[in-house]
Amino acid sequence: MYRLVAQFFAVGREAERILSTLWHNANVATMCDSNWGMIERGAVITNGSNIVWVGREQDCPIAHLQQVTTKHNLGNRLLTPGLIDCHTHLIYGGDRAREFELRLEGARYEEIARAGGGIRSTVSATRQAGDEALFESACQRAQQLMRGGVTTIEIKSGYGLTAHDEARMLRIARRVGEQLGITVRTTYLAAHAVPPEFDGRADDYIDATNHWMSALHAEGLIDAVDAFCEGIGFTPLQTRRVFERAQQLGLPVKLHAEQLSDQGGAALAAEFSALSCDHLEYLNADGIQAMQKAGSVAVLLPGAFYFLRETKLPPIQQLRDAGVPIAIATDHNPGSSPCLSPLLMLNMACTLFRLTPTEALLGMTANAASALGLGATQGTIEAGKRADFAVWNVAYPNELAYWFGHHSCAQIIVGGVVPETHREQSHD
Ligand code: NIG
Ligand code: FE
C-alpha cells in the first residue's frame with residue numbers, strides 16, 4: 001500500500017515537473033498597471049494551466065528554471081494577456097444582411113424591430129436551425145475571434161425565447177468552450193425580445209422566462225443573467241423582476257442598458273450589484289454614480305455604435321472621472337454588430353469613443369475579466385492567474401489599437417497550451 005501511495009505522489013510530482021514551461025524572449029504587457037505593466041526582455045513561467053512567475057528574463061529564479069522542461073522562444077515579440085470578449089451573441093441562425101440594406105435605405109433599427117424584423121427574425125432562423133448547424137457556425141465564429149487573440153468569450157442566449165430553444169443555445173455555448181478548450185461564460189438573455197407567442201403579453205413572458213431560469217440554472221447552464229431594458233425591449237419594472245429571480249438563485253446580473261434611450265437601466269442594475277452595464281450611450285449622471293458605488297463595469301460596444309450609425313457617445317469622460325472601469329467587446333450579433341475582429345474594436349474604441357490605446361487594451365483584458373466576474377483568475381499576466389496569452393507581431397502594445405484591418409496575432413496560448421488549430425498563424 002505504502003508503495004502505491006509513494007508511486008502516486010511520485011507520478012504527481014513528475015506530472016507537475018513535465019508541465020513547467022518557460023516563455024521567454026518577449027516584451028510582456030502584463031496589464032497590471034495603467035502603463036501596460038510593461039516588462040521589456042521579459043519571461044513567464046507556467047505550470048500546467050497557471051502562471052507561476054513573470055519578470056525580466058535575467059531575473060528568472062533558479063529554483064523555477066530547474067523545474068522547466070519546455071522552452072518557447074517568442075522571438076522578441078509582444079506578449080499580452082489573452083483577449084477577453086465579454087459581450088457576444090455568438091450563437092444564431094441566418095443573417096441580417098437584408099436588414100442592413102434596409103437601414104442604409106433609411107429604415108431605423110427600432111422601426112425594423114417594431115415591424116417584427118430585427119431580433120425576432122433571428123429568433124425564427126435560430127429556432128429553425130439544427131443543433132449541429134448552430135454549433136458549427138458558433139465554433140467557426142469563436143475560432144475567428146481566437147485568431148484575433150481571444151481566449152475567453154461570453155456567449156448570451158436570447159435568440160431562442162422558448163424553454164427548449166434557450167436551453168439549446170446555452171448547451172451549445174458550453175459545447176463550444178469544451179470543443180475549443182477556451183473559457184466560455186454563458187449568459188441567460190431570454191428577456192431579449194417578446195416572442196410572437198407572447199405578443200402583447202410581455203409580463204406573462206417574463207413569468208415564463210423566470211420559470212425557465214430556475215430549471216436552466218439547476219442544469220448548471222447559466223453563469224450570469226442579462227436583459228434588454230429598452231423601449232423595444234423590456235421596461236425597468238420587468239427587468240427588475242428578472243433580476244429579483246436571478247438574485248434568489250444567487251446568479252450575478254448584467255444589463256443591455258441605455259443603448260437607444262435613457263431608461264434608468266444602469267441604476268437599476270447597480271441596485272443588484274451588476275457585474276456590468278453594457279452599451280450606455282444614453283447613460284445619465286445618476287447611473288454613473290450608481291455604477292461606481294456598485295463596482296459595475298461599463299462595457300462599451302463600439303461595433304454596435306458604428307454599425308447602427310449612432311451619433312450619441314457614451315459619457316466616457318464622466319465614467320473616467322467617476323473611476324468606473326471600462327471594458328470593450330465585439331457585441332458580435334447578426335443585427336447590430338456582425339463583427340469578429342477584437343482588434344478593430346480596440347481601434348474603434350479609440351477613434352470613435354476617444355479611449356486611449358491603454359484604456360482600450362485594459363478594456364479587453366483586466367476590465368473585461370471583471371465584467372465576467374473573472375478578475376481573480378484572468379485578464380492580467382501575474383503569478384497565480386491562468387496562463388492565457390496572446391503573442392503579437394508588433395513591437396509595442398499601442399500598435400494593437402493603431403493598425404486596423406491587420407491580423408497581427410501570431411498565436412494564442414490557452415491554459416498554458418498552444419491550441420492545435422492556432423499554431424503560428426498565417427493570414428493571407
Ligand atoms: O447588443 N440590443 C440588443 N441586443 C443586441 C442586438 C441584437 C440584435 O439586433 O439581434 C445588441 O446590440
Ligand atoms: Fe448585445
Ala257 vs. criteria touching an Asp or Glu at 6+ places or on another chain (Cβ under 8 Å) and of a type in the set (Gly, Ala, Ser):
yes
Scan (1) free of Cβ contacts under 8 Å to residues at least 60 places away in the same chain; (2) within 16 Å of ligand 1 (Cβ to nearest atom); (3) assigned to a helix (DSSP H, G or I) for the single condition Asp321 breaks and write down its number.
(2)
Pairs returned, first residue in the stretch 274-292 that is in the same structural domain as Ile328 (by TED's automatic domain parsing) and touching a residue at least 24 places away in the same chain (Cβ under 8 Å), second residue that is away from ligand 1 (no atom under 16 Å from the Cβ) and of a type in the set (D, E, K, R), beta-carbon separation under 8 angstrom, 6 or more apart or interchain, are Ala290/Glu271
Please determine, by comparing only the residues of the stretch 260-277 that are polar (S, T, N, Q) and under 19 Å from Ala368 (Cα atoms), which one is surrounded by the most Cβ atoms within 10 Å (Cβ to Cβ).
Ser276
By residue number, the members of the stretch 100-114 that are surrounded by 12 or more Cβ atoms within 10 Å (Cβ to Cβ) and over 16 Å from Leu260 (Cβ atoms) are Phe100, Leu102
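Look at Thr239 and say whether it is among the polar types (S, T, N, Q), more than 16 Å from ligand 2 (Cβ to nearest atom) and assigned by TED's automatic domain parsing to the domain that holds Ile119. Before you say what the answer is, go through the steps one by one.
Numbers: among the polar types (S, T, N, Q): yes; more than 16 Å from ligand 2 (Cβ to nearest atom): no; assigned by TED's automatic domain parsing to the domain that holds Ile119: yes.
No: the conditions fail for Thr239.
Take Leu90 and decide whether it is within 16 Å of ligand 2 (Cβ to nearest atom), closer than 28 Å to Ala329 by Cβ and either surrounded by fewer than 13 Cβ atoms within 10 Å (Cβ to Cβ) or under 29 Å from the mean Cα position of the chain (by Cα) (or both). Reasoning before the result, please.
Numbers: within 16 Å of ligand 2 (Cβ to nearest atom): yes; closer than 28 Å to Ala329 by Cβ: yes; either surrounded by fewer than 13 Cβ atoms within 10 Å (Cβ to Cβ) or under 29 Å from the mean Cα position of the chain (by Cα) (or both): yes.
Judged against the criteria, Leu90 is a match.
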Scanning the stretch 66-87 for residues that are assigned to a strand (DSSP E or B), more than 16 Å from ligand 1 (Cβ to nearest atom) and crowded, with 22+ Cβ neighbours inside 10 Å gives Leu74, Leu78, Leu79, Thr80, Pro81, Leu83, Ile84
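Quick check on this structure: which one of Gln259, Gln289 is among the polar types (S, T, N, Q) and away from ligand 1 (no atom under 16 Å from the Cβ)? Working first, answer last.
Values: Gln259 fails: away from ligand 1 (no atom under 16 Å from the Cβ).
The conditions single out Gln289.
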In the stretch 282-314, which residues are in contact with a Ser or Thr (Cβ under 6 Å, 6 or more places away or on another chain) and within 14 Å of ligand 2 (Cβ to nearest atom)?
Val299, Gly303, Ala304, Phe307, Leu308
The lone exception for Thr356 - which of (1) β-branched (Val, Ile, Thr); (2) open to solvent by 10 Å² or more (accessible area, probe 1.4 Å); (3) assigned by TED's automatic domain parsing to the domain that holds Asn27 it fails
(3)
Qualifying residues in the stretch 214-256 (those that are under 20 Å from Ser296 (Cα atoms) and part of a loop (DSSP other than H, G, I, E, B)) - the one nearest to ligand 1 (Cβ to nearest atom):
Glu230
Reported set for the stretch 149-166 where residues are more than 14 Å from Thr186 (Cβ to Cβ), in contact with an Asp or Glu (Cβ under 9 Å, 6 or more places away or on another chain) and crowded, with 24+ Cβ neighbours inside 10 Å is Val150, Thr151, Leu161
Would you pick out the residues in the stretch 331-383 that are within 16 Å of ligand 2 (Cβ to nearest atom), part of a loop (DSSP other than H, G, I, E, B) and either on the phi > 0 side of the Ramachandran plot or over 14 Å from the mean Cα position of the chain (by Cα) (or both)?
Asp331, Pro334, Gly335, Ser336, Pro338
Could you please find all residues in the stretch 177-230 being open to solvent by 30 Å² or more (accessible area, probe 1.4 Å) and either charged (D, E, K, R) or modelled with pLDDT under 95 (or both)?
Glu178, Arg185, Glu197, Asp199, Arg201, Asp203, Asp204, Asp207, Glu219, Asp223
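Taking Leu280, is it open to solvent by 10 Å² or more (accessible area, probe 1.4 Å) and either under 24 Å from Ile155 (Cα atoms) or within 12 Å of ligand 1 (Cβ to nearest atom) (or both)? Walk me through how you get there before you give the answer.
Values: open to solvent by 10 Å² or more (accessible area, probe 1.4 Å): no; either under 24 Å from Ile155 (Cα atoms) or within 12 Å of ligand 1 (Cβ to nearest atom) (or both): yes.
No.
The values are calculated or read from the model by the stated rules, or taken from the named source; none is laboratory data. Computed from a predicted model, the values in this text were never measured in an experiment. Note that we place each Cβ from the backbone using ideal geometry, even for glycine, and neighbour counts take in every protein chain shown. Note: areas computed on protein heavy atoms with side chains; ligands, DNA, RNA excluded. Shrake-Rupley method; radii C 1.70, N 1.55, O 1.52, S 1.80 Å.
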